[in-house]
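As structure tokens, the structure follows; a few thoughts come after it.
Rule-based calculations on the coordinates, nothing more; no lab input. This structure is a prediction, so every number in the text was calculated from the model and none was measured. Don't worry about glycine lacking a Cβ; one is built from the backbone with ideal geometry, like all the others, and counts go over all protein chains shown.
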Amino acid sequence: MEPAEHINETETTVLEAILSRHSVSPKRVVSPGPTPAQIMQLMAAAAAAPDHGKLQPWRFIEFPETNRTALADVFAAALHERLPNADNEAVTRAREKASRAPVLLGLVLRLHRHVDVPHVDDQMVSGGAALQNVLLAVHAMGFGARALSGQAVRTQSFRAALKLADDEIFLCFIAIGTPTSAPKSRLRAKPETLLTRWDGTSG
């Protein structure tokens, strides 16, 4: 392995993509989004995530723009399930979530709870790694994205509409598009605050 001071061009590019990645609000992205071929590249990036036991404990769903009205109906139904007396303004806001970006993906965890190795925790980490790979690939392509969740995805009406299996969890949406403005600076943790060193003792 090369010393840190001899980082090559490929490593520099990867590090730059990681260190410069940032979330972009769905309100700040417009068309175009990734092409079908680029979406397949995003899936290839997801497939590179660590996957102990090759269980592939996650999958993605694409929500085409042509089906966003139906998705808006799902959001409205999910709101009424949680808040039966929701007013028209709340329903409108819920429906608007369906049209938040040119490309909208969903990440579903498919946890294999009957296996001891890898543990469910490891499988969840695999899903998180797949998500991060997609977000990094989106950023490297020049697009903006944000992972989004919320109470709607935990409702029975939402699960039924997406035909989720009993052992599946809808983790988040990923809204992707072309940024309309420069990213806002965000304070990040100092590297030295993230690392401790074990002293070799126990107890």
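Classify region 1-132 as rounded, prolate or oblate from the Cα gyration tensor: take a ≥ b ≥ c as the square roots of its eigenvalues, call it rounded if a/c is under 1.5, otherwise prolate when a/b beats b/c and oblate if not. Note, shape of region 1-132 comes out oblate.
Length gained on full extension, THR69 to ASN85, computed as 0.36 nm times the residue gap minus the Cα-Cα distance: 3.6 nm. The Cβ shell under 14 Å around GLN151 holds other residues with a net charge of +4, Lys and Arg each +1, Asp and Glu each -1.
What shape does region 56-162 have by the C-alpha gyration tensor, where a ≥ b ≥ c are the square roots of the eigenvalues, rounded means a/c under 1.5, and otherwise prolate means a/b greater than b/c and oblate the rest? In terms of gyration-tensor shape, oblate. If you average the alpha carbon positions of region 142-203 and of region 81-99, how far apart do those two centres end up, in angstrom? Between the Cα centre of region 142-203 and that of region 81-99, the gap is 23 Å. About its Cα centre, the dipole of the chain is roughly 780 debye, where the only charges are +1 on Lys and Arg Cβ and -1 on Asp and Glu Cβ. Helices of the chain meeting both criteria, an alpha-carbon length of 18 angstrom or more along the long axis and an average Kyte-Doolittle score not below -1.0, with helices taken as full DSSP H segments, are 68-82, 120-140.
Can you spot the aspartates and glutamates whose alpha carbon is less than 19 Å from LYS184's alpha carbon? Ignore those fewer than 8 places along the same chain. Straight-distance partners of LYS184: GLU16.
Distance between the modelled labels on SER25 and ALA182, one decimal in nanometres: 1.8 nm (7 Å Cα→Cβ projection). Between VAL138, ALA182, LEU79, the Cα set farthest toward the positive side of the dipole of region 44-203 (charges on each charged residue's Cβ, about the Cα centre) is that of ALA182. What FRET efficiency would be calculated for the residue pair LYS163, ARG197, taking the C-beta separation as r and a Förster radius of 45 Å, to the nearest 0.05? For LYS163 and ARG197, the calculated efficiency is 0.40. In terms of its C-alpha gyration tensor, region 16-79 has an oblate overall shape, because the principal axis ratio a/c (a ≥ b ≥ c, square roots of the eigenvalues) is not below 1.5 and a/b does not outweigh b/c. Taking Cα centre as origin and charging only the Cβ of basic (Lys, Arg, +1) and acidic (Asp, Glu, -1) residues, the dipole magnitude of region 1-108 rounds to 520 debye. Near the amide H of LEU171, within less than 5 Å, lie the amide hydrogens of LEU107, VAL108, LEU109, all on another chain or at least 5 residues away, with H placed in the peptide plane. Close amide H contacts of VAL103 (hydrogens built in the peptide plane, cut-off under 5 Å, sequence separation of 5 or more or a different chain): ILE176.
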